[in-house]
Structures are given as structure tokens and as C-alpha cells.
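The values are calculated or read from the model by the stated rules, or taken from the named source; none is laboratory data. In this text the structure is predicted, and so the values were computed from the model without any measurement. Backbone-built Cβ (ideal geometry, glycine too); neighbour counts: all protein chains shown. Quick note on the areas: whole protein, heavy atoms, side chains included, nothing else; ligands and nucleic acids left out. Shrake-Rupley method; radii C 1.70, N 1.55, O 1.52, S 1.80 Å.
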Amino acid sequence: MIEVPETRFTKTVDGVHIAYQVFGEGPTDLVVTFGQVSNVDRMWELPEGASFFSRLASFSRVILFDPRGNGSSDRDLGTASFEAGMDDVRAVMDAAGSERALQFGFQDGGMMCALFAASFPERTSGLILMNSVARGRWAPDYPWGWTDEEWDENSAQIDAGWGTQAHTEEWLRWLSPNHPIDEATVARYARFFRSAASPGSMIALNRMLRDSDVRAVLPTIQVPTLVMHTRDNPVEPVEQARFIAERIQGSTLVELPFADHMQIWEAADAVLENAERFARRIHDDEAEFDRVLATVLFTDIVDSTAQSAAMGDRAWTETRAQHDQIVRASLARFRGREIKTMGDGFLATFDGPARGVRCAEAIAAGVKPLGIEIRAGLHTGEVAFEGDDVSGLGVAIGARVGAKAGASEVLVSQTVKDLVAGSGLAFEDAGEYELKGVPDRWRLYRVVN
Amino acid sequence: MAALETRYTKTADGTHIAYQIVGDGRVDLVYMAPWFSHIEIQWEGPPYAKFLNQLASFSRLILFDRRGSGLSDPVPADRPPDLETRMDDARSVMDAVGSDRAVVYGSSESGAMAALFAATHPDRTIALVIHGAEVRPAWAPDWPWGQTLEEHEAAVDEIERTWGTEEFVRNQWPNLAADPELLRWTARESRMAMSPGAAAVYERMYWAIDVRSVLPTIHVPSLILHRVEDEPEQNGYFAEHIPGAEFIQLPGRDHTPFLGDQDSVTREIERFVRSVRDDEARLDRVLATVLFTDIVDSTAQAAAIGDHGWRQVRERHDAVVRGAIARFRGEEIKTMGDGFLATFDGPARGVRCAEMIVDAVRPLGIEIRAGVHTGEVALEGDDVSGLGVAIGARVGALAGPSEVLVSSTVKDLTAGSGLTFEDAGDHQLKGVPDRWHLYRVVAET
């Protein structure tokens, strides 16, 4: 079980304070949105809550928050809305430094997540819905919604007994008919419910849920989506999940063999397993998305060992410093990005291949007066930026191309030559090579001034 | 000419710097005024105004008063701003006017500082222009062209004694004696720019400058010019030690660029700035993947569905396209008719985005065609241009309903990404040289 994280507050664009916690090491960011009943502090006091969060934290960096009107966030805000709820999600993502996250919505929280995924695809890596619905109120074309009478009855019960031992027990038995419930459990949940919302706010939230309908946005969701629902759900029939999954393009529907509307009780293991598998798939996809097209430049000082021996340590240190200065100034001028130095050479990336080639030429010419020569190689390919480093086959190819270059020679791959056509750079054929560790034979070209 | 608006910006250490912008040329030119300046009074001297207007005719000219001079915040008289501080002033002004990179121009006393700026900030310097400047004002055994300490002290005393008077101007610019009006204006500008005490301290600081070691580390295009009889050794040293610098010696002995034949000075600067500007335009090209989409048979479709229905379909189509672009981290450049142009920094994502749009619009009863190409493009504000964009458009136009066509460049660059392609034949692309081999994206099963 992981330690209970610190609860912090952030402020939304409209000035509402939102309580949130961040825990787990990732790799994927995952925003958890509970619906009507949420309290980031009290949920850790439920044994099944703490265990559920710990499991989530084992495969993601969890961002847990209380939607406005709930738990430790600002309460009693009059009429809440899903629109405002989306501001809450953006505020906690910003506070947690999360650019894109998997949105995990439970029950009615799922409606807001669906809206978020449709509205902010650039901030949503994927969507998971658990026991969610698409609309609050019954309609001829949505027969699983509650009738006005059912909503009124539910609100009347809240009005009469919210947070009491009796109402809580009744409520838990309704949510999970087969699960054994002892008095201590009821007491814990009663305390949790009270800490999540007052009776008045629950009734106000009920009104909002009753009037909600996200059916129209479902076909506009274009992020990978996992829809989970307990098959014999006693409160929200599974047909609603089928309805949702049918309308979200390419979504996966998983019906879990339980008769329970509580996600962290009997269904917890199944929910976590499916969520983890989905999160890993999203992470792989995202890693592929992180690949960008870049031009890599490798430079190296020719015969540096012999040179340094001939010059002596002191003079060589001086020459090396001047060499480094010339390389860095050229990178600045041609807008390259220094990734790292390796031995006597540099690895840099460029967002335009022609600038990379011209930078290599400038360095080759610039260091000659120092009495040294460099070799340089360039390749353009998809690479992965990881923090300040860069990796991928494209980088390996660049390194091999550089290694083939002679003194004061700039070699480029065919890809670079093709991409800079029309830039005024001239090349001559430098032959076909086997590049160590890289498939195929590669035709290389020499830059001609 | 209407009076220019003077604005202020604040440096990191909280000092206000006054600046002006003149002209709207495509290249920024930062004029580092030498010695003393007052950006408003300087427009009142006809030859200076003519000179600045000429510079502004081929650039966006950025003028400022360094701290301790003219309209900028004063500095304690005993602590004149060193070169580094003055570089920060220049950078603050560049930041304030949104200038990422500029040609920096220093003359006389500010030449050394322009050189230091180019060496220190190659990422902010398109090119360097120096006119009639000094590498090191002080004499040394290995620097016989400088002032000795005695000469220097005498000069400082003289400056302090005469500062702001017509005598001062006559001493510094002997040939201005023939033009009383210009002489009075110069004296006034010096008074408005600095007080005598500040001028003396500033002079002592300047005497200690030596940028010889910096010159070999400058790696931007550089132009050194001066009048041939004005300090040839000092100016020649700049030219000889800045790698690749161009050296122009103009006839005469005038030290100040706008005095004497100023047209030959501005002509050389203009020629140089235009050539680096063209070079810069080439450097502005980046590698991008362009995606063109278009609705197939939209006219017939619109006629069949009716205006109202078609508008709804179009809106949903646009929402689908924008959602897919956001998901695959593309950038929407513009809509064209019923289609979109977007760019991506990874070609595989561009292709996957096109595939997603093809699938997602089908339920709306429409189909799109899409083309993807990767090439160097020029970014101009929010738009993109260049042959790479034209090729992308042509590739897209050749695609059939629900088909994504890509150039061989895209196919090659996405090798290993899991995308599969089939040969779509050799094509002539209208207005584009050569024949192009295109490939059709095969949907994953």
C-alpha cells in the first residue's frame, strides 16, 4: 500500500479551488474523475479505496481530484455543470504539469470525461469509462435513464437521510446487492458520504445529472476508448455501455461479470487489469507519437589521439576549447540544438536538414585554422526525444554516416540529399555502404562546396 | 515624417530603456548608438535623420538609448554600464519588439560592444556590421595604435571641461565648425544625453575595453567598414580577426558614418543586409509533413443534401478533422474550400491522422481524399509555403475517395513505423519538376 499523498489546491480559470493529489511514478498520466461522491482525503480511509489507488499508482501517475462542489474542493457553487467540470480537469492537469493524460471516469464522472475527450483531444491520450451513462433522464430513445419520478424519489431519500447509518446501508445494498456489509463498513461509508457532499449539494448535483445528455458528443470522440460496465449492474443497466461503445469510434467494450455498481468492490481486480492493459497500450502509442522528424548531425575530430599527443596536453585543451566554441557558435547560427558531446565530437539536431548541412560545412571550415579537421555525418529520420537526449534508429544511422566521413568531409544519407533538393546545396556520390547494426545498404553523398 | 513613438522596456534588473522602431523591412537592424545618444534629439540633426531613414528603408530599424544616456534610466555617475550590461539593454529591447534575430550595427565606441554581442549571442545575431570602431582604445607595447594613459587622462579632462559646449564639438569634429547649425545640434544632443561627470567616467571605462580575444569566436556574417584614413589599424584588425569578415574601406577620413559621403556607407550596409536577409530566408525553412484533405464530390453532395443539411455535415466534418489533427499533434494551417491543410512534425502521425479522418467522416455519408508529403517549407506567420506544400497539394488531388496517397519521401521516412503502403504509380505533378512515385496507404487489418 502506498503512502497517502499530500492534498494540494489549485485554482481554476474562474477562481474555484480544487483539491487534488498526485501519486505514482507513471509512465502514463491518469486523471481519475469520480462522479457525485468524492473526497480525496476520505477515500484513502476506505481500505478498498487505498488498495485501488495503490494499484493504479503501480502503472500510472495518478491525478486524483474532487470536482467542484464535492469533497475538499470549493462547495456550494449553485448550479454546477460539466463545462465547469472540464475547467477543473484542466486546472489539476496544469498544476500537476501534465500535458496529456488518460481520462478515467467513474459512473456519472464518465459523462464529463467523455465531454473532455471530445473537447480537448490534444490533452487526452485515452478515455476509460466505468459504469458510465450517456444521459440522466429517461427518453423513448434512451430507455435506461431514470424517470423524473425516480430522480425525485432518489433526491427525497437523500433529503431525508443522507449520511445517516440507515440511509448509507440502504444505499450500499442498492449499489451492491450481493456484497456482505458489516456495521463498520457502513459507518466508514457514511462518514465518507458526509465528507463528499452535504444533502443540499447532493440534491443540486442530482438535478444536474438528471438534465445531462452527452449522447451527441460520443461520435466526435477520436481518442482510444475503453468502456467497462458490470454486466448485471442493478442501478445502471449495461445496455448504456453498449450504447456508448457503439457510438465512440473504435472503442473497446468490456462487460465485467458482476452484479455491482461499485467499482472498487467486487469488480476492482477486473477493472484494474483492464485499465492497466489499456494504459500500457496507450503508453506504447504515445511513445510512437513522441517520435518527430529531425536531422541529426554527428561531428568528430579526426585523429584526435595522435593530434593531442603531438600538441601536448595544455595546447590540446586550448584547441579543444576553441573547437567547442566554434561548434557551439555554428549551432547557434544555424539554429541547431546541441544534444551532447561524445569524446571529441558533438551530436546536434536541426529542424531543417539544409541548415544542418550548412552548419557542418561551417564547422569543417571554421576549425581548420586551429590545425585540426573534423568529419561530419547527417541523416534525417524519425527520432524520439527523451528529456534532453535523443534516440532511435535515425540517430544510429547518423552516427554511422559520420564515422564513414573523411577529414573535412561532410557525408549525408540519401534521405538528406533528397530533402534538400532545391536548396542550392551540391552533392557527389560517395558510394554504397553497409552501416554497422543498420539493415540494408546505404548510398551516401559527399557535400561539395 | 511623423514623430516616432518612444517606448520603454524594462531589463531584468529593472532599468527602463527607451526605444523606437522605424521602418517595416523584413530584417531587423539594431542600431547601437555610439558614446552618447538621445533617440529623439538625434532626429533633429538633418544628416543623422537622413542616415537613419536610409537604414530604415531596407530594415525594421531598432533604436535605443543605452542606460545612462538620453531617455533611458540614469545610472550612478561612478558606475557607468559595462559592455555586458549594455548587451543586456540591447537584448531587452529586442525582446520587447519581438525580434528573435537581428543584424547588429555598432559604430565608433559601440563597435566593440556589437562584436561582443555577436560572439556572445550568435542565436540572436543574423549578422554584424561595424563602422569605424576600435578593438582596444588603450596603448600597449603590442598595441601601438591606442592612446597612452597620459593622452587618455588629458582627453578625459578636456571632455569633462568642455562637455556639451560648442568647443567640445569643435574639438571632436573639427569639420563641423563650418556648419554652425549642425554644431549647435550636436552640442545640444550631447548635453541632453549625458552630464559632464557621467561623460568623464564613461570615457575612463571605455579606455579599458579590449575585445581582441573575442573576434576569432565570431561566427556570423560580418561587415567591417570605415573611411580609409580613419584608424586603419584598428579597423583592419577587426576585419582580419573575425573569421570570414568582409572589409570595405571608403575614401576620406570622417569617423562618423553620417558625416561626409554617407550614401556610400548606407549603400554598402544595404547591400550586405539584403544578402544576409536572403540567406536568412533560406534558413527559415523547416522540414515539415504537410497533409491536404478534401471532400470528394462536395458540390454534388451539397446539391443532393440541400443547404441546411450540407452545412450540418460540413460542421461535423470540420469537427472530426480538427479532433484528429489535435489527437495526432498536428497544426491546422488553414481550410481551403472543403479541405484542410495541416502540418506535422512526424510523418507517421500525419499519415495516421489522414487515415483516421477517412474512417471518421464516412458515417456522415461523405468521403475525403488525402495527400501527405514531407519537405522543407517556409513558415510565414501562420501560413506555410514552398515547393513542399505545392507537392502535398498535388499528391492530395490525385487521391481517390477514402484514399490516402503519400510521396515516396513519406514512405521512406516512415519505414519501421508499422504503416503499409502499396505502389500507386508514377505521376506528373502539375507545376512540379520530375515524375513522382506515389504510394497508397493500406489500412491496418
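Overview of values
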read-out: Residue ranges of strands (runs of 3 or more DSSP E) in the stretch A:19-129 with at least 3 members at pLDDT 95 or above and within 14 Å of chain B (Cβ to nearest Cβ); value: A:101-106
read-out: Complete set of residues in the stretch A:323-359 that are of a type in the set (G, A, S), open to solvent by less than 10 Å² (accessible area, probe 1.4 Å) and farther than 20 Å from B:T120 by Cα; value: A:G345, A:G352, A:G356
read-out: Search result, residues across the stretch A:225-248 that are within 14 Å of chain B (Cβ to nearest Cβ) and touching a helix residue (DSSP H, G or I) at 6+ places or on another chain (Cβ under 6 Å); value: A:R247, A:I248
read-out: Qualifying residues in the stretch B:120-131 (those that are more than 14 Å from B:G244 (Cβ to Cβ) and surrounded by fewer than 24 Cβ atoms within 10 Å (Cβ to Cβ)) - the one nearest to the chain's Cα centre (by Cα); value: B:R124
read-out: Answer from B:L341, B:L283, B:L291 - the residue that is within 13 Å of another protein chain (Cβ to nearest Cβ) and either in contact (Cβ under 8 Å) with a residue 60 or more places away in the chain or open to solvent by less than 10 Å² (accessible area, probe 1.4 Å) (or both); value: B:L283
read-out: Output for the stretch B:340-384, where each listed residue is over 24 Å from A:G250 (Cα atoms) and either of a type in the set (F, W, Y) or touching a Phe, Trp or Tyr at 6+ places or on another chain (Cβ under 7 Å) (or both); value: B:L341
read-out: Residues (farther than 22 Å from B:G111 by Cβ, of a type in the set (D, E, K, R) and open to solvent by less than 70 Å² (accessible area, probe 1.4 Å)) located in the stretch B:168-213; value: B:D179
read-out: Failed item, numbered, when A:V37 is tested on (1) surrounded by fewer than 24 Cβ atoms within 10 Å (Cβ to Cβ); (2) touching a strand residue (DSSP E or B) at 6+ places or on another chain (Cβ under 7 Å); value: (2)
read-out: Of all residues making up the stretch A:381-399, the number that are over 23 Å from A:D324 (Cβ atoms) and either at pLDDT 95 or above or in a loop (DSSP other than H, G, I, E, B) (or both); value: 1
read-out: Listing of strands (runs of 3 or more DSSP E) fully contained in the stretch B:6-113 that carry 1 or more residues being closer than 21 Å to B:H131 by Cβ and touching a helix residue (DSSP H, G or I) at 6+ places or on another chain (Cβ under 9 Å); value: B:16-22, B:28-32, B:60-64, B:102-107
read-out: Some residue of the stretch A:265-275 being over 20 Å from the mean Cα position of the chain (by Cα) and open to solvent by 30 Å² or more (accessible area, probe 1.4 Å); value: yes
read-out: Helices (runs of 4 or more DSSP H) fully within the stretch A:264-361 counting 1 or more residues that are touching a residue at least 60 places away in the same chain (Cβ under 8 Å) and more than 14 Å from every other protein chain (Cβ to nearest Cβ); value: A:268-289, A:304-311
read-out: Hits in the stretch B:378-416 - residues which are under 15 Å from B:Y439 (Cα atoms), within 14 Å of chain A (Cβ to nearest Cβ), under 34 Å from the mean Cα position of the chain (by Cα) and open to solvent by 30 Å² or more (accessible area, probe 1.4 Å); value: none
read-out: Top-ranked residue in the stretch A:393-418 [being at the interface with chain B (Cβ under 10 Å from one of its Cβ atoms), open to solvent by 10 Å² or more (accessible area, probe 1.4 Å) and in contact with a Gly (Cβ under 7 Å, 6 or more places away or on another chain); ranked as nearest to A:A348 (Cα to Cα)]; value: A:L393
read-out: Residue in the stretch A:142-152 that is within 26 Å of the chain's Cα centre (by Cα) and either in a strand (DSSP E or B) or of a type outside the set (K, R) (or both) present; value: no
read-out: Unique match (being more than 14 Å from every other protein chain (Cβ to nearest Cβ) and either over 22 Å from the mean Cα position of the chain (by Cα) or open to solvent by less than 10 Å² (accessible area, probe 1.4 Å) (or both)) among B:R60, B:R136, B:R26, B:R66; value: B:R136
read-out: Which numbered condition A:L378 fails, given (1) open to solvent by less than 10 Å² (accessible area, probe 1.4 Å); (2) away from every other protein chain (no Cβ under 13 Å); value: (2)
read-out: Given (1) touching a strand residue (DSSP E or B) at 6+ places or on another chain (Cβ under 6 Å); (2) crowded, with 24+ Cβ neighbours inside 10 Å, index of the condition A:A95 fails; value: (2)
read-out: Lone unmet requirement of (1) of a type in the set (A, V, I, L, M); (2) buried (at least 18 other Cβ atoms within 10 Å of the Cβ); (3) in contact with a strand residue (DSSP E or B) (Cβ under 8 Å, 6 or more places away or on another chain); (4) within 14 Å of another protein chain (Cβ to nearest Cβ) for A:A430; value: (4)
